[in-house]
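Quick notes on the structure that follows.
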Amino acid sequence: MEKIPISSFQGAISSPRKCKMWEIVFLFMGAILIFFFWMAGIRIIPNNFCAIVEKRMSSRGSLKDRIIALNKEAGYQPEILRGGLHIKPRYIFSIHKIPLVTIPRGQIGYVFARDGVPLKPSQTLGRIVEESHDFQSVRGFLENNGQRGPQRGILREGTYAINLSQFVVILENRIYYWQIGHDDSKTFEWMSEQIRREKGFRPITIQGSEDNIGIVTVHDGPPLSPGEIIAPLVGAEVPGSKANHNHFQDPETFLESGGRRGKQYQVLVDGTYFINRLFATVEIVPKTIVPVGYVGVVVSYVGSKGIDESGIDYKHGELVEVGKKGVWKDSLMPGKYPFNIYAGMVILVPTTNIVLKWIKNVIGSHKLDENLSAIDLITKDAFEPELPLSVVIHIDYRRAPLVIQRFGDVKKLVDQTLDPMVAAYFKNIGQTRTLIELIQERSAIQATASSDMKEKFAHYDLELEEVLIGTPASSTNDGRIEQILVQLRDRQIAREKLETFQRQQEASVKERELNEARARAKQQEFLTESEIGIDIQKNQGRAEYERSVQEAMRIRTLAEASAERQARVGIAQALAIQEKVRAYGGPRYQVLQQSVDRFSRAIEESKVDVVPKMVIGQGEGSYSAFESLMFMIMSEKMGMDMSALPKEGEAVKRIKKGILASLEGKVEEVVT
């Protein structure tokens, strides 16, 4: 930068140049021209700005009850100045440069109108005026009965040339307005805070991955009819209607179609929605999910009265068609449903087997038995055990609405009906059996209970699958049960020990047999040789026996022949003796002769074999039976010594006795 010496300025000051007349006139005329243009109001507005025109004076006077001068009165004019060169006399108009309104992407701008027709008592927001062209035409807005106050219409992303003397635009981080009153800023900041609280500066986004729906509450329009709690469907949701409020994004169409303020029956599903939060707020709630193994029984709070579909035999309430007010006859199958939780209730009913456990501090997977505990019994022998019990039930999905209509939900069914019914049944069972019988007959009691209780459960539209009884346990009031159980356990242990000993004994026997088998296997060759030797000896013995039999037969034949010969000799001797007796005479020989005769007849009549069947041997001094008999008889009669004779047998004794008796009689006859 070039520096200028101070001395040069001092020289210029010390020696001023004299101005010429024409230069002075030129400067004066320039000043007048500049003042003229200034007074003429020549304005240059940048393209990124616009300007509010305020008229200072007018032959038509000033406004009284309005802010915007539609008829060129003094005051704020409806039209704004856009970028460019404009001529507005300064003594008539005041020009206020304002920025263009820019709505960022993904945001919503709310509009407040300062001038217009007052809102009706049933309104909270001003209606949408299409002629306003997104609030860029103040004249179009006011001439078409635009209403003052917060507006139903919103501004989407983009840039707008808006007259901020008429409209205030509220964004998330900025408020576009022209200051008119002293408290304007506080009013608009309060509105901004209310909208921010509802997250109204951002669109509503419902993502399918989160399984949510939006429940809408409308804050504008006619109220609900008496008795209604949910606003009915309107627009395209109603069959036959062509109006479409585009999921509450078009408030005017919604209200023109008969929409009412309050919670709406229609819900928002997956998607993005630009909804004016001053018109309607949205509550995000989860979808109604009916998991596998359940059905959803719907209790609807809205709809017209339906026809009872439960049948004449069902006396506990009505079942209605889908869409009617009441309990729907058709349940929701497993799946996801955009169900409005304020328009009804979905009660989940398990269709898989439900295990209800009457066991202290034990809860089943369905958690329907949280209030159940072991059943207190009093047995026949005055014990007070606690009976643990499990009951398996099933609910037919087609009869689930009947169960809900009758009991409200399955939890109430268990607590208010099944618990007292099951407890009473098993208390009755306990009173008819002793404690030991209760323990030992558990299986029979369980089978009987399953059979008896099926009909009772069917009365409540339930299917009883099985009754499972546990072991009775001691209660706090009776400690003797444990003693009984200890005794039973001791008995069982004794039985098991006895069984163990028997098994051990059998094992010992088997082990001995195994050892013998092993030893036998080791000595198999020796045993085989021994068995062969035994067989050989047996065969040799049989051969010896056969030879002995043959030899005995031979000896018998010889003995019989010898006996026959001796008998013949004896008979011959007897005959000779008889002849001698006859020859010699005398009673003694007569008696002997008679005895021999009687002896012969006795032998003939008794058929006793005199000759032996078998004679093994006959040595020196041996006698035959006949000879022995004769010698004994003769010796006794003659007074001879019989010690040298052989021993007499039983047959010989009998014959001898008979012969002697006969001889005694004969001798007496002879003597006489």
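Just so it is clear, none of the values below were taken in a lab; they were calculated from the coordinates. No experiment lies behind these values; they were computed from the predicted model shown. Please note: Cβ atoms are built from the backbone with ideal geometry, for glycine as well, and neighbour counts cover all protein chains shown.
Taking 45 Å as R0, compute the FRET efficiency from the Cβ-Cβ separation of K456 and Q194 and round it to 0.05. Present the calculation step by step, with values, prior to reporting the outcome.
Details: r = 60 Å, r/R0 = 1.33.
According to the calculation, E is roughly 0.15.
The residues I42, I404, I395, when put in order of fewest to most other Cβ atoms within 10 Å, stand as I42, I395, I404.
Dipole magnitude of region 38-200 about its Cα centre, charges +1 at Lys/Arg Cβ and -1 at Asp/Glu Cβ only, in debye to the nearest 20? Numbers along the way, then the final one.
Details: 24 positive and 16 negative charges, 62 e Å.
In debye, rounded to 20, region 38-200 gives about 300.
Using the beta-carbon distance between E370 and R82 and R0 = 45 Å, what value does 1/(1 + (r/R0)^6) give for FRET efficiency, to the nearest 0.05? Efficiency, rounded to the nearest 0.05: 0.05. Across all C-alpha atoms in region 38-200, the radius of gyration and Dmax reach 16.0, 51 Å.
What number comes out for the charge environment of L462, summing +1 per Lys or Arg and -1 per Asp or Glu over other residues with Cβ under 15 Å away? List each step's numbers first, then the result.
Working: positive: R398, R399, R406, K411, K412, K454, K456; negative: D369, D396, D409, D415, D419, D452, E455, D461, E463, E465, E466.
Summing Lys and Arg as +1 and Asp and Glu as -1 gives -4.
Which distance in nm do the two modelled labels at M29 and Q504 give, with both placed 7 Å along the Cα-to-Cβ direction? Each label point is offset 7 Å from its Cα along the Cβ direction, giving 14.6 nm.
Couplings 3J(HN,Hα) of region 116-131, computed from phi: x, 6, x, 5, 6, x, 7, 9, 10, 10, x, 6, 7, 10, 4, 5 Hz, in residue order, whole Hz [Karplus 6.51 cos²θ - 1.76 cosθ + 1.60, θ = phi - 60°; x for Gly and Pro].
Once the Cα gyration tensor of region 331-464 is found, what semi-axes does its equivalent ellipsoid get, as square roots of 5 times the eigenvalues, in whole Å, sorted largest first? Each step should come with its number before you reach the end.
Working: eigenvalues 231, 41, 28 Å².
Computed over region 331-464, the values are 34, 14, 12 Å.
Protection proxy ranking, highest mean first, for peptides 63-70, 344-351: 344-351, 63-70, where packing is the per-residue count of other beta-carbon atoms within 10 Å, averaged. Multiplying the residue separation of N246 and Y314 by 0.36 nm and removing their Cα-Cα distance gives an extension gain of 20.1 nm. Can you give the FRET efficiency for I307 and A444, using 1/(1 + (r/R0)^6), R0 = 51 Å, r = Cβ-Cβ distance, to the nearest 0.05? Calculated value: 0.55.
Where does each of R406, R60 land when they are ranked from fewest to most other beta-carbon atoms within 10 angstrom? Intermediate results must be reported in sequence, preceding the final value.
On the way: R406 17, R60 12.
If I rank by nearby Cβ atoms, fewest first, I get R60, R406.
Mean projected area of the Cα convex hull of region 321-386, taken over all directions, amounts to 7.7 nm². Along region 383-389 the Karplus relation, 6.51 cos²θ - 1.76 cosθ + 1.60 evaluated at θ = phi - 60°, assigns HN-Hα couplings of 7, 10, x, 9, 9, x, 8 Hz to successive residues, with x for each Gly and Pro.
Placing pseudo-labels 7 Å out from each Cα toward the beta carbon at K411 and T205 gives an inter-label distance of 3.6 nm. Shape descriptor for region 181-327: Rg over Rh equals 1.07 (Cα atoms; Rh from the Kirkwood inverse mean 1/r). Among L224, L498, L387, a tally of other beta-carbon atoms within 10 Å of each Cβ gives an order, fewest to most, of L498, L224, L387.
Kindly flag which residue pairs out of K360/K497; K324/K454; K411/K456; K120/K199 have an alpha-carbon separation exceeding 23 Å in this structure. Among K360/K497; K324/K454; K411/K456; K120/K199, the Cα-Cα distance tops 23 Å for K360/K497; K324/K454; K120/K199. Site pair L224 and V322 shows an inter-label distance of 2.4 nm when each label is modelled 7 Å from Cα along Cα→Cβ.
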